[in-house]
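Comments concern the structure below.
The values are calculated or read from the model by the stated rules, or taken from the named source; none is laboratory data. Just so you know, these numbers come straight off a predicted model, no measurement behind them. Cβ coordinates were reconstructed from backbone atoms using ideal geometry, including for glycine residues, and neighbour counts include every protein chain displayed.
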């Protein structure tokens, strides 16, 4: 009975920023559970490589080239995929950027707008476009990738724009969950700690920052992409059928201190 709840056979899932890192791990987890996965990424090469890696494992995957900051393109992809497959059952809003280590007083307008545009606006455009079709079907599960940075202020790096964007994603998650809960669409979020990804590779050459990150984490390590993908799979599946509006911290205990 219980393991059946995690199975996603006959379902279609879209993962934004799915060409690498957490996004690709989420795509793999959903595909392993039986879903047909669409990697939606702005970078054709990353998308192609990621998709090929899934297909090499015998998983059902394809790509859609999409920049989440372009609401017109997002709507086009949502309409096209819904028309092709009948419906999109799962949306994972993973696309995001950080651009850390800039003090607030030195943040340029472009810098602020860019991070907010990708992390917050992009998440909303995707929720709106795919959510419309889910509401029509009276069924769907959306999982947004937030961050522990939506709860705390990271140190030593300055990144007020990133922290603000992720806090907004968390509240957007709750707001959409409240609006759509009675209409069959669940909206949850995952808030990861520092994860070993290409975006965080720089920290290994910055001992002071790395020590601060690990020293502030009770589990004394960074997370791995599969540890986030496993929680995304849970939230996307029927195993989490009573959950909506939740922001699940997967932070190695970082926010305990």
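Laid out as a table, the results:
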| quantity | calculated |
| --- | --- |
| Test: residue in region 233-241 that is assigned to a strand (DSSP E or B) and over 13 Å from the mean Cα position of the chain (by Cα) | no |
| Residue match in region 25-44 (condition: free of Cβ contacts under 8 Å to residues at least 24 places away in the same chain and touching a strand residue (DSSP E or B) at 6+ places or on another chain (Cβ under 7 Å)) | yes |
| Single residue of 228, 152 found to be assigned to a loop (DSSP other than H, G, I, E, B) and at pLDDT 95 or above | 152 |
| Members of region 100-132 found to be out of contact with any helix residue (DSSP H, G or I) (no Cβ under 7 Å at 6 or more places or on another chain) and part of a loop (DSSP other than H, G, I, E, B), listed by number | 101, 103, 108 |
| Test: residue in region 104-122 that is under 25 Å from residue 237 (Cα atoms), touching a residue at least 60 places away in the same chain (Cβ under 8 Å) and buried (at least 24 other Cβ atoms within 10 Å of the Cβ) | yes |
| Test set (1) part of a helix (DSSP H, G or I); (2) within 29 Å of residue 2 (Cα to Cα) - residue 167 fails condition number | (2) |
| Lone qualifier among 217, 197 - being crowded, with 19+ Cβ neighbours inside 10 Å and at pLDDT below 95 | 197 |
| Condition met for residue 135 (surrounded by 14 or more Cβ atoms within 10 Å (Cβ to Cβ), in contact (Cβ under 8 Å) with a residue 24 or more places away in the chain, at negative phi and part of a helix (DSSP H, G or I)) | yes |
| Those residues of region 143-188 which are farther than 30 Å from residue 109 by Cβ and in contact (Cβ under 8 Å) with a residue 24 or more places away in the chain, in sequence order | 143, 177, 178, 180, 181, 183, 184, 185, 186, 187, 188 |
| Any hit, region 178-201, residues being in contact with a strand residue (DSSP E or B) (Cβ under 6 Å, 6 or more places away or on another chain), part of a helix (DSSP H, G or I) and closer than 18 Å to residue 118 by Cβ | no |
